[in-house]
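All remarks here apply to the structure that follows.
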Amino acid sequence: AVVGAGLGGSAVAYFLQQHFGPQVQLDVYEPAGVGGRLATVTVNKQQYESRGASIHALSLHMQDFVKILGLKHRREVAGKSAIFSGEHFVLEETDWYLLNLFRLWWHYGISFLRLQMWVEEVMEKFMRIYKYQAHGYAFSSLEELLRSLGGDAFINMTQRSVAESLLEVGVTQRFVDDVIAAVLRSSYGQSVLVPAFAGAMSLAGAQGSTWAVEGGNKLVCSGLLKLTKANVIPARVTGVSLHSSEGRSLYQVHYEGSEGQGSAFYDMVVVTTPLHPSRSNFTFENFEPPIADFPGAFQPSVTSVVHGYLNSSYFGFPDPKLFPFASILTTDTPDLFFNAMDNICPVNISAAFRRKQPQEAAVWRVLSQQPLDKQQLKTLFRSYYSVQVTEWQAYPRYDATKSLPPIVLHENLFYLSGVEWVASSMEMIAVAAKNVALLAYNRWHQDLEKIDQKDLMHKVKTEL
């Protein structure tokens, strides 16, 4: 049984079938729609991503899914970004790459180079995971996974802030306050106190090239479930109880759907929805010792998709025709009521599509911590036709706990969503899904040589 049909659930179903073979029977429980947080909203008969919008160029599992499913990369529509302090723009992107570099250097000295080197070093080590997974290696805890990639340094990066780590490598406080804060507010809705590892992943996405799926990123989820011929059950799982039969553990999954309550027995269960008390009232019965509570809280996030005319004079451009930016990030200023906003394109982009001129009505996605009130909407827009608001518990509140959740809850009962406490992105979830599938497979076949191995870089080299 797989609990949840978001990216984690659909990817783990796909990988489980890859390893166990086509005879594995997969039931996927999902009370809402397939895709989870990868959702779209419709404005004027066009669909737009409401969240989970961009995928980093180095996301190898996501790249693979798109290839396997015959999906396409969405056409890029260029647009410039700027960082707003509530009073003025502290940094503006231009059409000229060299001018952008010069501005960064002029404002911040070599801080941006130091940042780049730091992020590249983290990413280079993180990319080892693909080699390990290709050789069938798995990890029974997030700590073991991180240690195999970057030693204790990676574990420490989950326990100290990104600000602290960057100041240590010589990035200036001003660069942290202006640029790093703006990126983290737009990706996690949180401050520079998020852990260094989560911060590095977010910053890699901000400086690398990103892409999205033509037709919407959620097509990856529905595509993978279709490909695996998984049986999707429209019901909410309320708990799991443990039974044993002929010395083997059996898991009874309890659920409620439109037809009432029910339950079914499984050899193996993967939970891909958050198990934190604030997010679910999931129960575990008959487990000895009992499965402990999951510490930590989630960061509320509000996405408002607004179809309207931008109030460019709020940003210091009285003539809307002259407003040059498609995306606005913000610094951590008490008066600012939004984290970021961008002029978004539909999920289907035709060859003839062009971005709306700044004086025209366009579709903007505004990210904030609280729902925007009428006055705040009026501040950002001269007038608007429609506002669609999605409130969700988006990301872990990274300052809420220092411990990482377990992956193995019991013999063949696994928890996938805990990876978000390391860093939250589509690729992190895909990497965790592959790890859980390999772990489940290696444990089932008692192939302990493939679990939590030390010095894997050396092992993989000798295997080659």
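The values are calculated or read from the model by the stated rules, or taken from the named source; none is laboratory data. The shown structure was predicted, so the numbers you read here are calculated from the model rather than taken from an experiment. Please note: Cβ atoms are built from the backbone with ideal geometry, for glycine as well, and neighbour counts cover all protein chains shown. All accessible areas refer to the heavy atoms of the entire protein, side chains included, with ligands and DNA or RNA removed. Shrake-Rupley method; radii C 1.70, N 1.55, O 1.52, S 1.80 Å.
Data overview
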{"item": "For residue 373: the one exception among (1) buried (at least 23 other Cβ atoms within 10 Å of the Cβ); (2) without any contact (Cβ under 8 Å) to a residue 12 or more places away in the chain", "result": "(1)"}
{"item": "Residue among 75, 128 that alone is touching a Ser or Thr at 6+ places or on another chain (Cβ under 8 Å) and either touching a residue at least 60 places away in the same chain (Cβ under 8 Å) or farther than 30 Å from residue 404 by Cβ (or both)", "result": "128"}
{"item": "Residue in region 140-148 that is more than 23 Å from the chain's Cα centre (by Cα), at pLDDT 95 or above, aliphatic (A, V, I, L, M) and more than 17 Å from residue 206 (Cβ to Cβ) present", "result": "no"}
{"item": "Residue 271 vs. criteria open to solvent by less than 20 Å² (accessible area, probe 1.4 Å), touching a helix residue (DSSP H, G or I) at 6+ places or on another chain (Cβ under 8 Å) and at pLDDT 95 or above", "result": "yes"}
{"item": "Check on residue 433, in a helix (DSSP H, G or I), farther than 19 Å from residue 64 by Cα, of a type in the set (A, V, I, L, M) and open to solvent by less than 10 Å² (accessible area, probe 1.4 Å)", "result": "no"}
{"item": "Residue 281 under 28 Å from the mean Cα position of the chain (by Cα) and either exposed (fewer than 13 other Cβ atoms within 10 Å of the Cβ) or of a type outside the set (Gly, Ala, Ser) (or both)", "result": "yes"}
{"item": "Of all residues making up region 43-87, the number that are farther than 24 Å from residue 329 by Cα and over 19 Å from the mean Cα position of the chain (by Cα)", "result": "9"}
{"item": "From 153, 138, residue being of a type outside the set (Lys, Arg), under 30 Å from residue 460 (Cβ atoms) and free of Cβ contacts under 8 Å to residues at least 40 places away in the same chain", "result": "153"}
{"item": "Hey, residue 391 in contact (Cβ under 8 Å) with a residue 60 or more places away in the chain, touching a strand residue (DSSP E or B) at 6+ places or on another chain (Cβ under 8 Å), within 30 Å of residue 368 (Cα to Cα) and surrounded by fewer than 17 Cβ atoms within 10 Å (Cβ to Cβ) or not", "result": "yes"}
{"item": "Test result for residue 348, more than 22 Å from residue 183 (Cα to Cα), touching a residue at least 60 places away in the same chain (Cβ under 8 Å) and surrounded by fewer than 16 Cβ atoms within 10 Å (Cβ to Cβ)", "result": "yes"}
{"item": "Pair list, Cβ < 6 Å and 6+ apart or interchain, from region 252-264 residues that are under 10 Å from residue 237 (Cβ atoms) to residues that are assigned to a loop (DSSP other than H, G, I, E, B) and of a type in the set (A, V, I, L, M, F, W, C)", "result": "253/1"}
{"item": "Odd one out for residue 363, checked against (1) closer than 27 Å to residue 194 by Cα; (2) out of contact with any helix residue (DSSP H, G or I) (no Cβ under 8 Å at 6 or more places or on another chain); (3) not polar (S, T, N, Q)", "result": "(1)"}
{"item": "Count - residues of region 158-174 that are of a type in the set (A, V, I, L, M, F, W, C) and either modelled with pLDDT under 95 or surrounded by fewer than 20 Cβ atoms within 10 Å (Cβ to Cβ) (or both)", "result": "2"}
{"item": "Among (1) modelled with pLDDT under 95; (2) open to solvent by less than 30 Å² (accessible area, probe 1.4 Å); (3) over 19 Å from residue 435 (Cα atoms) - the single one residue 187 does not satisfy", "result": "(2)"}
